[in-house]
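Heads up, the thing below is written out as structure tokens.
The values are calculated or read from the model by the stated rules, or taken from the named source; none is laboratory data. Values in this document were obtained by computation on a predicted structure and should not be read as measured data. Cβ atoms come from the backbone with ideal geometry, glycine included; neighbour counts cover every protein chain shown. Accessible surface is based on the protein model in full, side chains and every heavy atom, while ligands, DNA and RNA are left aside. Shrake-Rupley method; radii C 1.70, N 1.55, O 1.52, S 1.80 Å.
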Amino acid sequence: MLADIFILIGAFFMLVAAIGVYRMPDLYMRLHTNTKSATFGVGFLLLGAAFRFQNLDISARALAIMIFLFVTAPVAAHMIGRAAYFVGAPLWKGTLSDDLKGRYDPKTHELMSKSKTRKTGDKPTK
Amino acid sequence: MSFVNFAAFFLLTIAFLLAFLRLIKRSNQPHRISTLDRVVALDLMATLSIGFMTLYAVETQKTVFMDAAVILALIAFLGTVAFARYLEKGN
Amino acid sequence: MNYFILNIALALTWAMLIGDIHPVSLFTGFVIGYLILFTARRALGPSPYFGKVSRVIRFAFFFLWELIKSNLRVARDVLTRTDYMKPRIIAVPLDAKTDAEITLLANLISLTPGSLSLDVSTDRRTIYVHVMYAENAESVRREIKEGLERWVLDLLATEKE
């Protein structure tokens, strides 16, 4: 019973992730749904499967996949997001502000912590 | 097939279709940006495949599919990272 | 760490006494061992281990709650109109110093409500976050610093003791 509910929730969230990836306006927001909803969905699905199998080995495997996905999804999102900013993927027109603008060094791929125009001595606002 | 499994398979199929549509969608963006878009779609498809395999393993009680899901989880992550890295550095 | 090893030894003992070494019996042994150590903590001398375990558990619940909240929100927004979103890329100054702290924080940011960590500056003083709903950049900054970052620093600071 509980396993059924988990499986349904999981499948639903994966569908939400797919809809999000299909209709979100820019790449960064697509990444949002991809990392959060898809990972969450597959996590629930695996949890449901872990409950369904009356076998400890398999349940442990399902949990291992779940943990692995939860660890790797943010890393993958970080890599894609970083690459996206480098190749200049456009932000959605409704984006309000962009603190990253002009802070990457295009040659060395280094990232400054503040813009060059500000004095280097002042502390960042908390 | 129980109702729950059927419903879950149904939802996942629609999700897969949507991800696929995003994958083949043409855009007028430069090459590297549209490729990154596709990497996102592919990453989602890999996650969906893991879901499919899990469901199939539950449905048929063939536990081998769980092993396949483990391997896919490992490889999909590597693939995504490699793609992103290549698109960032390579020119 | 000493108590952790002792706890594992107790768990093993329990599993052997039960007669089979099995994840379930090991887990039960661990819980019982922890309770034994907790009751005997006066005799054994103080250790950060007890505080840490309860903190980890509380953190797990906090994180789970955030995860559920964030997903419900994303689900709602994906299914309804998208044009009232207010995305921004925000620079958040970091108090976290070590690799472990920054990594954990970045991962947690990516998994919690409407925020996705894009990159950390090379001098490790700022993390750049893409946020989906940010009326006000300052309040988002404060939320991250006082919510997640405080948890992360708390959690990892005790580990060094």
Simple label model, 7 Å out from Cα along Cβ direction - C:ASP154 to B:LEU74, nm: 3.7
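Is it possible to state the helix-based mean residue ellipticity at 222 nm for chain C, with each DSSP H run of 4+ residues giving -39500 (n - 2.57), the sum divided by total residues, to the nearest 500 deg cm²/dmol? What is it? Intermediate values should be presented prior to the final figure.
Values: 7 runs with 102 residues, N = 161.
So the helix-based figure for chain C works out to -20500 deg cm²/dmol.
For region C:2-44, what's the relative contact order in percent, using C-alpha pairs closer than 8 Å and at least 6 residues apart?
Details: 30 pairs, mean separation 17.1, N = 43.
Averaging sequence separation for qualifying contacts and normalising by length gives 40 percent for region C:2-44.
Count the lysine pairs in region C:54-161 whose Cα atoms sit under 23 Å apart, keeping only pairs 8 or more residues apart in sequence or on different chains. Write down the numbers at each step before the final one.
Working: C:LYS69/C:LYS86; C:LYS69/C:LYS145; C:LYS86/C:LYS145; C:LYS97/C:LYS145; C:LYS97/C:LYS160; C:LYS145/C:LYS160.
Total qualifying Lys-Lys pairs in region C:54-161 comes to 6.
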Separation between Cα centres of region A:9-36 and region B:6-25, rounded to whole Å: 12
C-alpha long axis of helix C:23-39 to longest principal axis of chain C, angle in °: 80
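Which percent of the accessible heavy-atom area of region C:2-44 goes to carbon and sulfur, probe 1.4 angstrom? Don't jump to the answer; show the numbers that get you there.
Values: 2340 of 3070 Å².
Percent of accessible area from carbon and sulfur atoms in region C:2-44: 76.
Please give the FRET efficiency for A:ASP57 paired with A:ARG23, using the beta carbon to beta carbon distance and R0 = 30 Å, rounded to the nearest 0.05. Walk me through the intermediate numbers first.
Numbers: r = 40 Å, r/R0 = 1.33.
It comes to 0.15.
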Efficiency of FRET between C:SER54 and A:LYS101 - r from beta-carbon atoms, R0 56 angstrom, step 0.05: 0.80
Kyte-Doolittle at least 1.6, axis length at least 18 Å by Cα - qualifying DSSP helices, chain B: B:3-24
Sites C:THR122 and A:LYS93 - FRET efficiency at Förster radius 30 Å, r taken between beta-carbons, to 0.05: 0.50
Shielded residues, region A:48-73 - accessible-area loss of 40 Å² or more between chain alone and all protein chains, probe 1.4 Å: A:ARG52, A:PHE53, A:LEU56, A:ILE58, A:ARG61, A:ILE65, A:PHE68, A:PHE70
Rounded to whole Hz, the Karplus (6.51, -1.76, 1.60) HN-Hα couplings of region A:50-65, x for glycine and proline: 4, 6, 5, 5, 8, 10, 5, 4, 5, 4, 4, 5, 4, 5, 5, 4
Accessible surface, the protein assembly as shown, averaged per residue in Å² (probe 1.4 Å): 50
Where only alpha carbons of region C:1-156 are counted, the Rg and the Dmax (Å): 20.7, 62
Amide H partners (placed H, <5 Å) of C:THR126, local residues excluded: C:LEU94, C:SER121
